[in-house]
Amino acid sequence: MSGTLQGIEAEWIWHDGEFIPWHEARIHIMSVAVQFGSSVFEGIRCYATDDGPAVFRLPDHIRRLLDSCRVYRMDPGCSSEELVRACVETIARNGLVSCYVRPMVLWGYGAAGMLPVGSPLEIYVVTFPWGSYLGPEALEQGVDVCVSSWQRAEPNTYPAMVKSAGHYNNAQLMKMEAHANGYIEAIALTPGGTVSEGSGQNIFAVRNGVLYTPFIDGTSLSGITRDSVIQLAGDLDIAVRVEPMPREALYTADELFFTGTASEVTPIRSVDKIPVGAGRMGPVTRALQQRFLDAAHGRLPERREWLTPVPSAAGAPTAAATQSRVR
Ligand code: PMP
């Protein structure tokens, strides 16, 4: 994965119904979003399929974005259909085939304190090509991870089901500590000491052919890839148990893997230098990873409803079609 945006910038960014050049997407240093991390966002992937580019579970991501807005009392002033269209149009306008999509809803310049009164709520949709988040080899070789010394916050502190920028300070602490200690990624525990999730991924364990994943317990994000994998496990007659996961289950699992939009289905090779199972991708992980990638790339007819096609730039509607956002 490229660690920086330099060199992978797209040409256009969608801003409140209009396309603006990438480098003109600027906000003031005193925007509420900059001062206090007051923005909500999504991370979505568009995949190349035989029928052209298609966005994976786009309406579900937009639903989560609007849910995030609701919890933070943000009124985006547009419908989910308009936001879906904005994402599709931005991909088409940039001529991208496979890419990452980052819609953001943020409080702009105005308020000095905690109440965002007098600040505009701005919406952006950013797209850029992005390879494998945990490294080019990660999907096959797996990743070496640690249990973080930073834990997730108590439920009812930061709403963990919401994708808010401010929450990711905790994830950054985890990720930076992991890298400083030579690991690719970190797993957070809950305040109670059970397993929560990765810095930007949900986690699954396999033991005796059964798939385990922790509850969405107010310390983790309800991942769309997690939900996809649970459904795909059903297709493959793999039993799934959603239950609290003790830390020691990480060291005794036959297989472990992360799920996430950026990370897709990434095997975990070791935790705290203890090899997971045989130390390489196991058969259940492989089957689920394959099925997930098949679904995302449009190779599973029964999962085509998960894909929103992106028309080619020439046939794409113009930004005017999404300019109904009223302030
Ligand atoms: N947990 C966290 C904290 C995340 O940031 C992500 C990535 N969005 C996930 C889990 C996985 O969610 P999804 O599968 O919807 O990308």
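The values are calculated or read from the model by the stated rules, or taken from the named source; none is laboratory data. The shown structure was predicted, so the numbers you read here are calculated from the model rather than taken from an experiment. Here Cβ is always computed from backbone atoms with ideal geometry, including for glycine, and neighbour counts include all displayed protein chains. Side chains included, ligands, DNA and RNA excluded: accessible areas come from the protein's heavy atoms. Shrake-Rupley method; radii C 1.70, N 1.55, O 1.52, S 1.80 Å.
Annotations
Here's the yes/no breakdown for (1) crowded, with 21+ Cβ neighbours inside 10 Å; (2) within 19 Å of residue 17 (Cα to Cα):
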site: 82; (1), (2): no, yes
site: 87; (1), (2): yes, yes
site: 90; (1), (2): yes, yes
site: 99; (1), (2): yes, no
site: 103; (1), (2): yes, yes
site: 113; (1), (2): no, no
site: 123; (1), (2): yes, yes
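- Test for residue 95: is it out of contact with any strand residue (DSSP E or B) (no Cβ under 7 Å at 6 or more places or on another chain) and within 21 Å of residue 310 (Cβ to Cβ): yes
- Residue check, residue 229 among the β-branched types (Val, Ile, Thr), buried (at least 21 other Cβ atoms within 10 Å of the Cβ), closer than 27 Å to residue 60 by Cβ and within 13 Å of the ligand (Cβ to nearest atom): yes
Here is a yes/no grid of residues against (1) among the small types (Gly, Ala, Ser); (2) in a loop (DSSP other than H, G, I, E, B); (3) farther than 25 Å from residue 45 by Cβ:
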position: 219; (1), (2), (3): no, yes, no
position: 231; (1), (2), (3): no, no, no
position: 249; (1), (2), (3): yes, no, yes
position: 258; (1), (2), (3): no, no, no
position: 265; (1), (2), (3): no, no, no
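- Some residue of the stretch 247-266 being open to solvent by less than 50 Å² (accessible area, probe 1.4 Å), within 28 Å of residue 155 (Cα to Cα), within 13 Å of the ligand (Cβ to nearest atom) and aliphatic (A, V, I, L, M): yes
- Within the stretch 170-207, the residues that satisfy the criterion of being within 12 Å of the ligand (Cβ to nearest atom), open to solvent by less than 40 Å² (accessible area, probe 1.4 Å) and assigned to a loop (DSSP other than H, G, I, E, B) are 199, 201.
- For the stretch 135-169, the set of residues classified as open to solvent by 40 Å² or more (accessible area, probe 1.4 Å), within 13 Å of the ligand (Cβ to nearest atom) and not in a loop (DSSP other than H, G, I, E, B) consists of 168, 169, listed by residue number.
- Subset of the stretch 38-54 [more than 13 Å from the ligand (Cβ to nearest atom), open to solvent by less than 20 Å² (accessible area, probe 1.4 Å) and in contact with a helix residue (DSSP H, G or I) (Cβ under 8 Å, 6 or more places away or on another chain)]: 39, 46, 47
- Restricting 70, 63 to those that are exposed (fewer than 15 other Cβ atoms within 10 Å of the Cβ) and part of a helix (DSSP H, G or I) reduces the list to 70.
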